[in-house]
1. Restricting to the chain, compute how many DSSP beta bridges are antiparallel as a %, nearest 5.
2. From the square roots a ≥ b ≥ c of the eigenvalues of the alpha-carbon gyration tensor of the range 27-109, which class results: rounded (a/c under 1.5), prolate (a/b over b/c), or oblate?
3. Which shape class applies to the range 92-182: rounded if a/c is under 1.5, otherwise prolate when a/b exceeds b/c and oblate if not, where a ≥ b ≥ c are the square roots of the Cα gyration tensor eigenvalues?
4. Which label belongs to the value computed from this structure, given these candidates for Rg and Dmax of the Cα atoms in Å: (i) 17.3, 61; (ii) 19.1, 73; (iii) 19.3, 86?
5. Return one whole number: the accessible area per residue of the chain in Å², for a 1.4 Å probe.
6. What distance in nm separates the simple spin-label points at residue 8 and residue 132, each placed 7 Å from Cα in the Cβ direction?
Amino acid sequence: MRQSTDGVIVLRVSVNGESRSAEVSPGVSLLTALREQFGLPGAKNACEQGECGSCTVYLDGDPVCSCLVAAAQAEGRQVRTVEGLAGAGGPAAQDAVQRAFLACGAVQCGFCTPGLVVAVHDLVHRTAENHSEDLDDATIREALAGNLCRCTGYEKIIEAVRQAAAEVRSEHRSQRPGQVAA
């Protein structure tokens, strides 16, 4: 990372698998850099205090509230946003979580949805990789505790979590050598 004489920092980071660089002011958040410098509006700016989860992204594979991370802390690291969950090819390439949210009607106004999708993505993929079975309500609610939604009672979101988890578990089973897909 280089800092110019006027205090601007040249940030180099991998965003959704692509090497990117941008000039940012010291102290600017990763959320602001993602939205304003890299043109990725998925993570939303709501509380700016890490309380609502609407800005959740992966940083080196761990979900974080990007409003609490200084952009400079992402130097040389890997960031994956909600936009980076889907593969190339449009709606057909959506991640299992994105498909489940749409199929279950878990999207209301959409403001909290990107953060919820990233949090759910982490939960269902982590549980599938650990070969865990069905997720119970307590586990799901605990995993979503850092994400606030003002429009729903969370029931459709929980339904989407269950649907996505079943699909991801099935994908993982079919990828394990010597196992028959269920």
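1. Details: 16 of 18 bridges.
Restricted to the chain, the bridges split so that about 90 percent are antiparallel.
2. Details: a/c = 2.17, a/b = 1.54, b/c = 1.41.
It is prolate, given that a/c is not under 1.5 and a/b is the larger ratio.
3. The shape class here is prolate.
4. Computing Rg and Dmax of the Cα atoms in Å and matching it to (i) 17.3, 61; (ii) 19.1, 73; (iii) 19.3, 86 gives (i).
5. Normalised by residue count, the accessible surface of the chain is 51 Å².
6. Once both label points are built, they end up 4.5 nm from each other.
The values are calculated or read from the model by the stated rules, or taken from the named source; none is laboratory data. Here the structure is a predicted model, which means the values were calculated and not measured. Methodologically, a virtual Cβ is constructed for each residue, glycine included, from the backbone with ideal geometry; neighbour enumeration extends over all protein chains shown. Ligands, DNA and RNA are excluded from the accessible area calculation, which covers all protein heavy atoms including side chains. Shrake-Rupley method; radii C 1.70, N 1.55, O 1.52, S 1.80 Å.
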